[in-house]
Amino acid sequence: MLTVRRLVLLAVFGLGVLLGALPFPSRPGPAGAVTENVTLQVHPGPAAANAVLNCSWHGACTSPPTPGSALDWNNGPNADVRWRSWGWRSVGTGSVALGTIVQEQGMTCTAVAVSVKDVFNFPKGSVRYSHSGTWTPGWSFSIAGSPSWASTNVVVGFTLALENQTCINSGLWTAPHLHQDRVGTWWEVNWGNFLSPGSSYPVFSLANWQYRQSWTWNY
Amino acid sequence: MNERRPRRLLLLAGSLGVLALFLLGGFIAGRVLVGGDDAAPAAAEGGGAAPATPSPAAGEDGRQPAPPRDVPVAPTVGGNDPVTGLPLDPDRTKPFWALPYLEAEARLPFFEGKLAGVTIRRAGDPSLEFVRQCPPGGYTEDAAASQGTPFDVTLPELLRGAAEPVRAMVLYCADGTLRGAEAEYFVHTAPERGWYGGSLFLMRYEPFDPAEPVAPVDLRAPRVREMTVAGGPAVVAVPPLPHIGWHDGAVVVYRDGIVTVIRSAGLPLADLLVLAEQVLQPR
């Protein structure tokens, strides 16, 4: 009798295990399990909202220009250099990334970079603004996104009135301007746009992005 | 007879209760076996494109950007950073975990001064001449031109296959001699090595004044140490979370008439020191 009771209890326990192990297809997923798509567009950074393009896609704006993914924008001495971006995210509204301002000084030219990391701190490359200085190295700012796009427009530096001698001697600088390039091939380049030096562009219109990239979050 | 009924009912209810308990116990065991509600969410799937402009296609190199999937959680060292007071093992699965660290780091003063035989100055001063002057002889954007020279900025062995070049500049004097070289690399995610994306910048040059070599590089003062690297003195900026290399690290050395600046982001201190050894050894 005792053995039968044990068998019954064992069977009931086993039935419980089986029920527990069954999948629950109709059950909603865990509250935090969300897949979200993000797109971040970075736009030209000269002070003027309608800015004149000095040099189309290039590495160095020599004659002829060397191949590269940078643009030269008209920007006078001490004029603001701006981080301009539009961010899109499929689910939430708020920051998609943090930008950190970094002052760089290589052997040739002086540059300010904005290092982009998503909100989970995964690096997304950076955008470099050459021939620029900053008063706020190390400062970070929030890069906005929303399902209907959200903009970020922040002063990150200024155009140098005079570059260093090595940069000048290398033929990389003749007058104050903004040379803006991407760092990291994750940035897609808007090759089909900004092809007319001397023309002005409304740099913050959604179509006039200079670089962009997309990523996906699971959280 | 009437007295026995309640006792039987009690026995029946007790038995059913025991059975229900066993059933519940089994159910819980079953959920635990398959992961239950805490099971990891599915891997990333491609999703809808942004509505106002077309979804970005793959870059020109054909790669589609995607974040790493294995976010590290493991506490590794414990304790708090004596400089900022922040925990050394943040929960890196939480969004914005890095924000208080960034803010704390931004408040730290920059280092300026002489250490390990080289003077560190703030970056960003275009009037600062720190590279040997000579009649200019042009440049090449190919880091390979520096290979085998004292200015070698090619990719160190540790990062081979794990990083891609971003830009390079090798500077010549008019007489054809090299005066310096610099190169930047983007370090890919390699969770098995504890890397979650970062960068490496190498700059090597003959100083403007060999008696007073200067390196323009922004280093936070509380992070700066003098250490022995590759058998000689070096200025080392320790990353704020050294075991994961979060944020910036650096090694600056003046040796054999050449200033070497190594800046890293996202690389653990141990790897930064290995990289410095590899850069500083003749290659």
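Every read-out reported here was derived from the displayed coordinates using simple, explicitly stated rules and does not represent laboratory data. Bear in mind the structure is a predicted one, so any value in this text is a computation, not a measurement. All Cβ positions, even for glycine, are placed from backbone atoms using ideal geometry, and neighbour counts span all protein chains on display.
Points worth noting:
- Of all residues assigned to segment A:148-155, none qualifies as being surrounded by 22 or more Cβ atoms within 10 Å (Cβ to Cβ), within 30 Å of B:Val170 (Cα to Cα) and either of a type outside the set (Asp, Glu) or facing another protein chain (nearest Cβ under 9 Å) (or both).
- Scan of segment A:47-78 for residues that are assigned to a strand (DSSP E or B) and touching a residue at least 60 places away in the same chain (Cβ under 8 Å), ordered by number: A:Asn50, A:Ala51, A:Val52, A:Leu53, A:Asn54, A:Cys55, A:Ser56, A:Trp57, A:Ala70, A:Leu71, A:Asp72, A:Trp73
- Enumeration of residues in segment A:191-207 that are surrounded by fewer than 18 Cβ atoms within 10 Å (Cβ to Cβ) and in a loop (DSSP other than H, G, I, E, B): A:Trp191, A:Gly192, A:Asn193, A:Leu195, A:Ser196, A:Pro197, A:Gly198, A:Ser199, A:Ser205, A:Leu206, A:Ala207
- Residues satisfying the stated conditions in segment A:163-174, i.e. assigned to a loop (DSSP other than H, G, I, E, B) and within 28 Å of the chain's Cα centre (by Cα): A:Glu163, A:Leu172, A:Trp173
- Taking the conditions (1) of a type in the set (S, T, N, Q); (2) surrounded by 18 or more Cβ atoms within 10 Å (Cβ to Cβ); (3) at positive phi in turn, A:Asn37 satisfies each one other than (3).
- Taking segment B:129-234 as the region of interest, the strands (runs of 3 or more DSSP E) fully inside it that hold 2 or more residues being surrounded by 21 or more Cβ atoms within 10 Å (Cβ to Cβ) and within 14 Å of chain A (Cβ to nearest Cβ) are B:163-173, B:178-190, B:195-205, B:214-216.
- Selection status of B:Ala270, assigned to a loop (DSSP other than H, G, I, E, B) and surrounded by fewer than 19 Cβ atoms within 10 Å (Cβ to Cβ): no
- In segment B:254-275, the residues that are within 22 Å of A:Gln103 (Cβ to Cβ) and more than 10 Å from the chain's Cα centre (by Cα): B:Tyr254, B:Val259, B:Thr260, B:Val261, B:Ile262, B:Arg263
- Flag: A:Thr159 does not match the condition of being among the β-branched types (Val, Ile, Thr), buried (at least 24 other Cβ atoms within 10 Å of the Cβ), facing chain B (nearest Cβ under 9 Å) and in contact (Cβ under 8 Å) with a residue 40 or more places away in the chain.
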